[in-house]
1. Give, as a single signed number, the net charge of other residues whose beta carbon lies under 15 Å from the beta carbon of Leu58, with Lys and Arg counted +1 and Asp and Glu -1.
2. Which of the trypsin sites (Lys or Arg not before Pro) found in region 131-172 are loop residues per DSSP with 16 or fewer other Cβ atoms within 10 Å of their Cβ?
3. Quick check: the distance between the Cα centres of region 25-79 and region 99-137, to the nearest angstrom?
4. For region 3-325, what relative contact order do you get, as a whole percent, if you take Cα pairs closer than 8 Å and at least 6 residues apart?
5. Please list, by residue number, every one of the chymotrypsin sites (Phe, Trp or Tyr not before Pro) in region 139-241 that is coil in DSSP and has at most 10 other beta-carbon atoms within 10 Å.
6. In whole angstrom, how far apart do the alpha carbon centroids of region 234-249 and region 282-327 sit?
7. Arrange the following residues from fewest to most other Cβ atoms within 10 Å of their Cβ: Asp113, Asp170, Asp275.
8. Using Cβ contacts closer than 10 Å as the measure, can you line up Leu58, Leu115, Leu188 from fewest to most?
Amino acid sequence: MPPNERLRNQTISDFRQIKGLKPVSFSGNFSIAPSDNVNSGTDDPYLIIDGLPAVGILSASSRPLSGVVARANVRFSYRLAQSEKSRLQLNGRIYHREVMLSSAAKATGVSNDELSSATYELGLSQIHIGKNGSFNRYGLELGRNFSGRSAQNDYARLSFSHTFRPGDADSLTLGASYRHIRYNTAFLNRASQIELRGDYHRKLASGDTLQSGLILGQTDSERGNVSQSSATAYLTYGLGQKVGPAEVSVTLGAKYADYPRFFIGFLEAPGGRQDTALFGTLDLRLADFEKAGFVPTVSLQLNKTSSNISRYETDGASIAIGFSSSF
C-alpha cells in the first residue's frame, strides 16, 4: 500500500476511535512560578528614547517587581456532529493569571489586582479530512480579555489551517487568522489583526522530535501604541528517551516587533518603537508520577528584550511548577 494511502487510512481510523469516546472533553495546565520580574519591568532607572534626550526618571513601579505568578489555562470541547471525514465541535477556554507581590514590591504602591489578567473564549471548530492524510481546520471564536480586573477588549476571530504529511514521520501546518478587536473605550476603539503561521513537526529515527515555527502578525488601529508588525520564530527539540523520570524538551526563539507610531505620554518616539526579544524554555514532564490524569511539570524560562525605549528593555527568569492534563 502506498505511504500516502496508509496515512489516509490511519487518519480515518483515528477519527473512528474518537467517535466512540464521550462527546465532552477537558484539558488544563496549572502552574505557580516565583519570579524576579512579574511586571516586565526594566532595570534602567531612566526613561530614554533613542533620538531624544533623556526625558525623565522611571517610577519605582516600572522597575522589576518580585513575586509569584499563578496561571490556569483550561479548555473544553463538546462534539456537536461527526462523520468519518469531519467533526464539528463547540470549544471553550478560560485563562487566568494571578500575581502575588512580595512585601518589597507592594511598597511601590502596585497591587496584585493591577497585574492580573484573564481571557474567556467560546467558539466553533470544524475539522475535515482530505486526501493523503491531510486535513483542514476552520475556526470561529468570540472572546473577552481582562486586565487589572476590568474588561479591556472583546474580539471575534476567524481562522483556517491546512495540515499535510510529506512523509510518515513529519507534518507541516500552514494557517491564517483574522481578528477584529473592540476596546472598551469611547474613541478609537477598534483594531484588526492578521496572523500567518507555519509549523513543521518531525519525528527523528532516534525517537527525538523536532518542531519549528514562524508566525507573522500585523495589527492596524487608529488607537495609540496598538498598530504593529511582528515576526516570531521558534525551535523545539524533544528527547525521545527520558532523562531520569523526566521527558525533556527545549525551546529557543526570537520575536521582533515594530510599532510605527508610539507615544510615551505626549512624546512621540522618533521612528516608533522596535523591540527584539529572545526567549528559551526547558520543560520537564514527569509522566511516571501521573495522578488522576494530571502530570507534574517543571519549566525553566529565560527571556531578554532590547528596545529603543528603555522602559521596554527587560530580562527575567522564572521556574514554574505545575500540572498538565494527560487526556
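1. Working: positive: Arg63, Arg311; negative: Asp43, Asp44, Glu313.
Within the 15 Å Cβ shell, the charges total -1.
2. Of the trypsin sites (Lys or Arg not before Pro), the ones in loops of region 131-172 whose Cβ has at most 16 other Cβ atoms within 10 Å are Lys131, Arg149.
3. Here the answer is 14 Å between Cα centres.
4. The normalised contact order for region 3-325 reaches 15 percent.
5. Details: sites: Phe146, Tyr155, Phe160, Phe164, Tyr178, Tyr183, Phe187, Tyr200, Tyr234, Tyr237; in loops: Phe187.
When the chymotrypsin sites (Phe, Trp or Tyr not before Pro) of region 139-241 are filtered for loop state and at most 10 Cβ neighbours within 10 Å, Phe187 remain.
6. 14
7. Asp113, Asp170, Asp275
8. Working: Leu58 16, Leu115 22, Leu188 12.
Least to most surrounded, the residues fall as Leu188, Leu58, Leu115.
Bear in mind that the values in this text are calculations on the coordinates, not laboratory data. Note that the structure is predicted; figures quoted are calculated from it, not measured. Note that we place each Cβ from the backbone using ideal geometry, even for glycine, and neighbour counts take in every protein chain shown.
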